[in-house]
Amino acid sequence: MTDSTSQNPLNQYFNGTYPKQYQETPGIQGKMDPLPDCGETSYKGSGKLIGRKALITGGDSGIGRAAAIAYAREGADVAINYLPEEQPDAEEVKELIEAEGRKAVLIPGDLSDESFCQDLVKQAYTELDGLDVLTLVAGQQQAVKDITELPTDQLRKTFEVNVFSLFWVVKAALPYLPKGASIITTTSVQSFDPSPILLDYAASKFAITGFTRGLAKQLAPKGIRVNSVAPGPIWTPLQITGAQPSEAIPEFGQQVPLKRAGQPVELADVYVFLASTSSSYVTAQVYGVTGGTEIA
Ligand code: NAD
Ligand code: MG
């Protein structure tokens, strides 16, 4: 009989205690312990995105990197955006994409700047020679225990990066997007069950869910689908750069029904599905990848 432990979701990926660690935001994935699994050695493609041209924000690390690797292995050319400090992570992703024989375009820059968002889209469209998948993953999250201590600068930045940039990128991209294009945003379980220490972040994620559902209705007549992914606790640089109090890192993720944090690669198939023609009848939806926490 074959050993089926590798199929047990409780221990299919790391389910131990994480070492306490902290980096300044945005953090470098390559310095994390253990390294997140973004599918570098495990994701296998099967031609689901042949010929597609995707822009992925936050594509250097974590969930965005998992989407970038998977898209390239499914046959897409990929442009990724990230912050300039994240160049080492971005270079690794470029190598992984090129190893699949796909085109990789690196476009560093700050999404809280509207004119950069416009340039980003133009550059992605020009260098990829087309654009038909927008996978918007970048986000910022900083925990603050008390609303009276939430700096207005942080509040503004959270909304600029997590919400305003979606409006700016989509506005800039619409003239380029053909019928059949797919837009994927990244919300969170926080959009359904907000934590008391993540008020600005959770509110921004509620906004992303609302934006996604409304935009899907607006763009349906154009033949463009819009959906969102709602991750639960996933082991990424975001978490060790202030998204959680550092004392919460060792047991990060253990509170969900599957009793462990997820790895970015566990979201890859959902981002692929939503980008691909297999999801032709799916729009205005939110897909949870949460380890068992319900979203509604
Ligand atoms: P991550 O740190 O790997 O990715 C976040 C990325 O956002 C960074 O790599 C960075 O490139 C980008 N970013 C941040 N500020 C930016 C700015 N001003 N301009 C341009 N890019 C900027 O972490 P992740 O967990 O993979 O995060 C990806 C998305 O998943 C985020 O939207 C996050 O809110 C969401 N999410 C994560 C979790 C989780 O547990 N990790 C849970 C729910 C939702
Ligand atoms: Mg990063």
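The values are calculated or read from the model by the stated rules, or taken from the named source; none is laboratory data. Worth saying up front: this structure is predicted, and the values here are computed from it rather than measured. All Cβ positions, even for glycine, are placed from backbone atoms using ideal geometry, and neighbour counts span all protein chains on display. For the accessible areas, the whole protein counts, side chains as well, though only heavy atoms, and no ligand, DNA or RNA atoms are used. Shrake-Rupley method; radii C 1.70, N 1.55, O 1.52, S 1.80 Å.
Remark: the range 1-106 carries a charge dipole of roughly 440 debye about the Cα centre, counting +1 on each Lys and Arg Cβ and -1 on each Asp and Glu Cβ. For the peptides 242-254, 263-275, 12-24, the ranking by packing is 263-275, 242-254, 12-24, with the highest mean count of neighbouring Cβ atoms within 10 Å listed first.
Put simply, the amide H of Val286, placed in the peptide plane, has neighbours under 5 Å in Ser228, leaving out anything fewer than 5 places away on its chain. Over the range 41-289, with every protein chain in place, what whole percent of the accessible area is carbon and sulfur at 1.4 Å, could you tell me? Carbon-and-sulfur percentage of accessible area, whole number: 53.
Only DSSP H runs of four or more residues enter the estimate; each adds -39500 (n - 2.57), and after division by the residues of the chain the mean residue ellipticity at 222 nm equals -9500 deg cm²/dmol. Scaled against 2.2 N^0.38 Å for its residue count N, the alpha carbon radius of gyration of the range 129-203 is 1.33. The Rg/Rh ratio for the range 153-296, using Cα coordinates for both the radius of gyration and the Kirkwood hydrodynamic radius, is 0.98. Taking label positions 7 Å along the Cα-Cβ direction at both Ser195 and Glu149, the computed distance is 1.5 nm, reported to one decimal.
Measure up Lys171/Lys205; Lys44/Lys94; Lys157/Lys205; Lys94/Lys222; Lys171/Lys222; Lys48/Lys179 against 21 Å on the Cα-Cα distance and list the ones that go over.
With Cα atoms farther than 21 Å apart: Lys94/Lys222.
Apply the a/c threshold of 1.5 to the C-alpha gyration tensor of the range 1-97 and tell me whether it is rounded, prolate or oblate. The shape class here is oblate. Only one residue of Ile249, Gln141, Ser165 has its Cα farthest out toward the positive end of the dipole of the range 41-289, where Lys and Arg carry +1 and Asp and Glu -1 on Cβ, and that residue is Ser165. Of all aspartates and glutamates in the structure, those lying under 12 Å Cα to Cα from Lys20, and not within fewer than 8 positions of it along the same chain, are Asp33, Glu247, Glu251.
Computed over protein heavy atoms with a 1.4 Å probe, the accessible surface of the chain works out to 44 Å² per residue.
Of all the Cα-Cα pairs you can form in the chain, what percent are over 34 Å apart? Value for the chain (Cα pairs over 34 Å): 14 percent. When a/c is below 1.5 the answer is rounded, else prolate if a/b is larger than b/c, else oblate, so apply that to the range 62-174 with a ≥ b ≥ c taken from the square roots of the Cα gyration tensor eigenvalues. Prolate, since a/c reaches 1.5 and a/b exceeds b/c.
Think of the chain as having a plus end and a minus end, set by charges on the Cβ of Lys, Arg, Asp and Glu; of Ile295, Ser61, Pro19, Ile295 sits farthest toward the positive end of this dipole.
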